[in-house]
Amino acid sequence: MPASAPIRLGVNIDHVATLRNARGGQHPDPVKAAAIAIAAGADGITAHLREDRRHIRDEDMARLKAEIDKPLNFEMAATPEMVEIALRTKPHAACLVPERRAEVTTEGGLDVAAQHDALSSVIARLAGGGIRVSLFIDAEPRQIDAAARLRAPAIEIHTGAWCNALADGDSARFAAEWDRIRAAAAIASGAGLEVHAGHGLNYQTAEAIAALADVVELNIGHFLIGEATFVGLAEAVRKMRAAMDQGRLKA
Ligand code: PXP
């Protein structure tokens, strides 16, 4: 059996900024958190500049790009404002997400199938700026087909429903969501898309999903920043890296 590709860990530092913004000022600094995460084994940093700037701010994005030495993944809504900022910032990658003002977090995937034309021009503009685009979608074959038709280089599978099922102790739903994710990863990889995954992952779910050879990147934020309050960010990232490596052995 050929060895599977290594799996990358993107650490999302949005919630360091959430904590900073709770009091205003500069502490804790998300860029410092990014440096600590990288030193502890993160392969890249992810940050979501939301329209309402509730956590990451424009200057955080500029500093992340200038000060970190690993790939920056800019999570963004496919709006003209965000496209302009991305083209100015020139991150390594952009992950297009749906955004609703009232949501607590990104609650569902993009409806790629329904937004083909609008997304097509956004992907072309970002790609023209040298930015690798991924589309954050639910684990649905219809959305994967639409992403492949758009010739997006990558998708990120929304793992929130699976992780919520675990948190709710609903084993039937957990198993059903897992089957959907497994099937989606295989279909997407077969269609030539690079497969990423994220949302709601913890040590247990990251280890499980790392066993899927088709998945080459996980983006993880809330759990890690929460764990950091107990064990420190570096230790939380090291434990996550170890959980993913352990899972990968089963790929
Ligand atoms: N990937 C995407 C596209 C997201 O929108 C988010 C949340 O910002 C994450 C990954 C990380 O999710 P979590 O913070 O639940 O780990």
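The values are calculated or read from the model by the stated rules, or taken from the named source; none is laboratory data. Every value quoted in this text rests on a predicted model; they were computed, and no experiment measured them. Positions of Cβ are generated from backbone atoms using ideal geometry, with glycine treated the same way; all protein chains shown enter the neighbour counts.
A few comments on the model shown:
- Boolean, residue 8 is free of Cβ contacts under 8 Å to residues at least 60 places away in the same chain and of a type in the set (D, E, K, R): no
- Enumeration of residues in the range 57-90 that are part of a loop (DSSP other than H, G, I, E, B) and under 26 Å from residue 115 (Cα atoms): 77, 78, 79, 90
- Contacts under 8 angstrom Cβ, first residue in the range 222-239 being under 18 Å from residue 205 (Cβ atoms) and β-branched (Val, Ile, Thr), partner assigned to a helix (DSSP H, G or I) and away from the ligand (no atom under 16 Å from the Cβ), 6 or more apart: 237/36
- Residues being surrounded by 24 or more Cβ atoms within 10 Å (Cβ to Cβ) and in a strand (DSSP E or B) - total across the range 202-221: 5
- Residue 16 being within 24 Å of residue 214 (Cα to Cα), touching a Leu at 6+ places or on another chain (Cβ under 9 Å) and buried (at least 22 other Cβ atoms within 10 Å of the Cβ): no
- Any hit, the range 133-140, residues being surrounded by fewer than 16 Cβ atoms within 10 Å (Cβ to Cβ) and among the charged types (D, E, K, R): no
- The residues listed here are 3, 39; of these, the one that is closer than 22 Å to residue 210 by Cβ, modelled with pLDDT under 95 and away from the ligand (no atom under 16 Å from the Cβ) is 3.
- Single residue of the range 112-132 satisfying the filter (modelled with pLDDT under 95 and not aliphatic (A, V, I, L, M)) that is surrounded by the fewest Cβ atoms within 10 Å (Cβ to Cβ): 117
- Meets criteria (within 17 Å of the chain's Cα centre (by Cα), within 19 Å of residue 8 (Cβ to Cβ) and among the small types (Gly, Ala, Ser)) for residue 213: no
- Some residue of the range 22-29 being at pLDDT 95 or above and under 19 Å from the mean Cα position of the chain (by Cα): no
- Among (1) over 19 Å from residue 136 (Cα atoms); (2) within 11 Å of the ligand (Cβ to nearest atom) - the single one residue 11 does not satisfy: (1)
- Verdict on residue 248 being closer than 16 Å to residue 12 by Cβ and away from the ligand (no atom under 13 Å from the Cβ): no
- Residue 25 satisfies every condition listed in (1) surrounded by fewer than 16 Cβ atoms within 10 Å (Cβ to Cβ); (2) assigned to a strand (DSSP E or B) except (2).
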